[in-house]
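*Asks:* Mind looking over this structure? Questions follow.
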Amino acid sequence: MTTQFSAGGSAIGYLYQSRYALYLLLQRIDSSISIERLDDVAFEDGFTPYELLQLKHHLNSNASLTNACVDLWKTIRVWSEAMRSGTSVGRLTLITTSTVSQDTIGYYLKDNMDRHATKAKSLMLQVISTSTNETNKAAYQAFSSLTPEQQSSLVENLYVLDQSPDIVMVEEKIKGLLALSVRRNLLDALYERLEGWWFGQVVTHLKAQSIGTISGATLSEKIHDIADHLRPDMLPIDYQHELPSETQSYDGRQFVHQLL
């Protein structure tokens, strides 16, 4: 039963963040990432970030990223305050399961032929001057506090990746990237073991107050290690302590009933 105090959406959001981080690192196996240190997820070179990512997951598959969308402006606020504090930022990516409509801020910030950062900035300033959305007020102020040059720099580096796979779909995306690592019938076993290990790595990473990164090299080694243990001559014994369901006892010894 769902109550007004249910945190299901937030819980899925955190799980999505961890699972999507695995998906991202698999795509850039030569990189290293941090989680909840500089941003939701960050790609780093040493301790210098070259891409910050915010992830937004919605249970409603029809959610849209409008010009006054809270998701969009919360993200802009985070990056505006980071820029104002002197934090060096590279590419800024908003990953969302929502959809952007044509001729909106998000539409002009997509990484395609229709990208137009100048139009996006103009729409942002227009929203700030006309919107009465109190929830976004702090975000409007944060962006407005930047110099015109800083505003342009932020927008030029901001990319929106909409219609991203949700928490269920991203599992299949990960399996697609792992497909060449093992035989097809062992893919689920590889995925389950890898994700179990990965969530453990994320917990350790967070418990250490997000010091350091998780490297693609470590991830690659783990994939090879699991794949090696799934070879036909080294199949893991998942049920070594289970007894057959049908047994017969004779002279104090157990025998499995043979099926004819």
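*Asks:* Ignoring ligands, DNA and RNA, how do Glu171, Glu221, Glu44 rank by accessible area with a 1.4 Å probe, largest first? Each step should come with its number before you reach the end.
*Replies:* On the way: Glu171 45, Glu221 125, Glu44 10 Å².
From most accessible down to least: Glu221, Glu171, Glu44.
*Asks:* Order Leu53, Leu206 by their accessible area, 1.4 angstrom probe, all chains in place, largest first.
*Replies:* Putting Leu53, Leu206 in descending order of accessible area: Leu206, Leu53.
*Asks:* Radius of gyration and Dmax for segment 30-114's Cα atoms, expressed in Å?
*Replies:* Cα only, segment 30-114: 13.8, 39 Å (Rg, Dmax).
*Asks:* For Ser164, which sequence-distant residues (separation of 5 or more, or a different chain) have an amide H within less than 5 Å of its own amide H, given hydrogens modelled in the peptide plane?
*Replies:* Amide H neighbours of Ser164, under 5 Å, 5+ apart: Thr96, Thr97, Ser98.
*Asks:* State the extension gain, in nm to one decimal, for the chain segment bounded by Lys175 and Asp228, taking 0.36 nm per residue of separation less the distance between their alpha-carbons. Present the calculation step by step, with values, prior to reporting the outcome.
*Replies:* Numbers: separation 53, 0.36 × 53 = 19.08 nm, distance 1.71 nm.
Stretched out fully, the Lys175 to Asp228 stretch lengthens by 17.4 nm.
*Asks:* For Gln163 paired with Ile211, estimate the spin-label separation in nm (one decimal), with each label point 7 Å from Cα along the Cα-to-Cβ line.
*Replies:* So the two model labels end up 4.4 nm from each other.
*Asks:* Write out the chymotrypsin sites (Phe, Trp or Tyr not before Pro) in segment 1-100 meeting two conditions: DSSP loop, and at most 13 other Cβ atoms within 10 Å of their Cβ. Working shown, then result.
*Replies:* Numbers: sites: Phe5, Tyr14, Tyr16, Tyr20, Tyr23, Phe43, Phe47, Tyr50, Trp73, Trp79; in loops: Phe5, Phe47.
Those that pass, being in a loop and sparsely packed, are Phe5, Phe47.
The values are calculated or read from the model by the stated rules, or taken from the named source; none is laboratory data. None of these values were measured; they are calculated from a predicted model. Note that we place each Cβ from the backbone using ideal geometry, even for glycine, and neighbour counts take in every protein chain shown. Ligands, DNA and RNA are excluded from the accessible area calculation, which covers all protein heavy atoms including side chains. Shrake-Rupley method; radii C 1.70, N 1.55, O 1.52, S 1.80 Å.
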